[in-house]
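Undergrad: Shown below is the structure under consideration.
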Amino acid sequence: MRTKAIFSLVFGGWLLCLTACGGALYKVTPLPTSTPPELSAHSSTELKVGATVLDGDRSLEQFEANLPLAGVIAVDVRVANATGTIIPGGKLKYSLRDASGKTLKQLAAKKALKRVMKYYGDSFYAIAAYQRTLADYEALALPQSAPLNVQDERRGLLFFEAPRNSPNGRGFTLTVSGLKAPLDVQMP
């Protein structure tokens with residue numbers, strides 16, 4: 001009788017823990033529409049690009065995690081096609097350089113989430129919580145495979161790998177290539 005009660009208590013506690021882990025690993029909020037990156041025109045390409053780096057505080061608001069501490073630099077990018085022709089999907093390539101000129105490797109949303117989870121020590125979680133958080137990360141990522149139509153505008157996040165405990169987003173340069181001339185966007 002006593003073992004049955006202990007088994008019921010342990011099993012009930014396990015079920016309670018399992019349901020508590022069923023949400024999302026991190027609360028990911030949509031990009032704010034009130035403060036999109038300001039577009040800057042480049043005369044030789046007629047492609048307009050705006051970009052801002054999410055510093056530690058803004059990444060905490062956006063992802064409930066400090067991405068620069070985890071070694072992930074997130075860049076809020078806004079692209080507008082004013083070229084007069086459709087830009088095929090995947091033609092535009094993005095790269096990020098830090099203040100010292102070092103090029104940072106671009107990460108897929110899945111790899112960015114894995115780095116954040118590793119930094120915060122999240123090794124025990126519900127599969128559904130991981131999948132929901134991954135879907136939230138991917139929903140915020142800049143769509144790069146779809147064509148960019150004439151007068152079309154696109155916005156999303158690009159993730160880049162950086163050393164852990166990175167500086168809070170000062171002196172980065174985003175380079176957009178794939179058209180006639182590369183376009184550099186300085187981020188203060």
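The values are calculated or read from the model by the stated rules, or taken from the named source; none is laboratory data. Just so it is clear, the model here is predicted, and its values are computed rather than measured. Cβ sites come from the backbone with ideal geometry, for glycine too, and all protein chains shown count toward neighbours.
Table: residues versus (1) modelled with pLDDT of 60 or more; (2) in a helix (DSSP H, G or I); (3) among the aliphatic types (A, V, I, L, M).
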position: 18; (1), (2), (3): no, yes, yes
position: 22; (1), (2), (3): no, no, no
position: 29; (1), (2), (3): yes, no, no
position: 34; (1), (2), (3): yes, no, no
position: 37; (1), (2), (3): yes, no, no
position: 51; (1), (2), (3): yes, no, yes
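Undergrad: While we're on this one: Of (1) within 10 Å of residue 161 (Cα to Cα); (2) part of a loop (DSSP other than H, G, I, E, B), residue 112 satisfies all except one. Which?
TA: For residue 112, the failing item is (2).
Undergrad: State which residue is farthest from residue 119 (Cα to Cα) when the search covers only the stretch 146-164 and only residues that are assigned to a strand (DSSP E or B) and of a type in the set (Lys, Arg).
TA: It comes out as 154.
Undergrad: Follow-up. Give just the number: which of (1) polar (S, T, N, Q); (2) under 20 Å from residue 37 (Cα atoms); (3) in contact with a helix residue (DSSP H, G or I) (Cβ under 9 Å, 6 or more places away or on another chain) does residue 133 not satisfy?
TA: Among (1) polar (S, T, N, Q); (2) under 20 Å from residue 37 (Cα atoms); (3) in contact with a helix residue (DSSP H, G or I) (Cβ under 9 Å, 6 or more places away or on another chain), the lone unmet condition for residue 133 is (2).
Undergrad: Still on this structure, I have one more. Just one of the numbered conditions (1) of a type in the set (Phe, Trp, Tyr); (2) surrounded by 17 or more Cβ atoms within 10 Å (Cβ to Cβ); (3) over 13 Å from residue 75 (Cα atoms) is not true of residue 160; which one?
TA: It is condition (3) that residue 160 fails.
Undergrad: Would you be able to say whether some residue in the stretch 117-134 is outside any loop (DSSP other than H, G, I, E, B) and touching a Cys at 6+ places or on another chain (Cβ under 6 Å)?
TA: Yes, the conditions are met somewhere in the stretch 117-134.
Undergrad: Does residue 124 count as buried (at least 17 other Cβ atoms within 10 Å of the Cβ) and closer than 21 Å to residue 63 by Cα?
TA: Taking the combined requirement at face value, the residue does not satisfy it.
Undergrad: Now a separate question. So, in the stretch 100-116, of the ones that are modelled with pLDDT of 95 or more and out of contact with any strand residue (DSSP E or B) (no Cβ under 8 Å at 6 or more places or on another chain), which residue ends up surrounded by the fewest Cβ atoms within 10 Å (Cβ to Cβ)?
TA: Across the stretch 100-116, the extreme among qualifying residues is 110.
Undergrad: For the stretch 67-94, which residues satisfy the criterion of being in contact with a Gly (Cβ under 6 Å, 6 or more places away or on another chain) and surrounded by fewer than 19 Cβ atoms within 10 Å (Cβ to Cβ)?
TA: 91, 93
Undergrad: May I pose another question? Is at least one residue of the stretch 170-182 at pLDDT below 90 and polar (S, T, N, Q)?
TA: So far as the stretch 170-182 goes, no, none of its residues is at pLDDT below 90 and polar (S, T, N, Q).
Undergrad: Do we find that residue 75 is outside any helix (DSSP H, G or I), more than 13 Å from the chain's Cα centre (by Cα) and not small (Gly, Ala, Ser) in this structure?
TA: So residue 75 fails the test.
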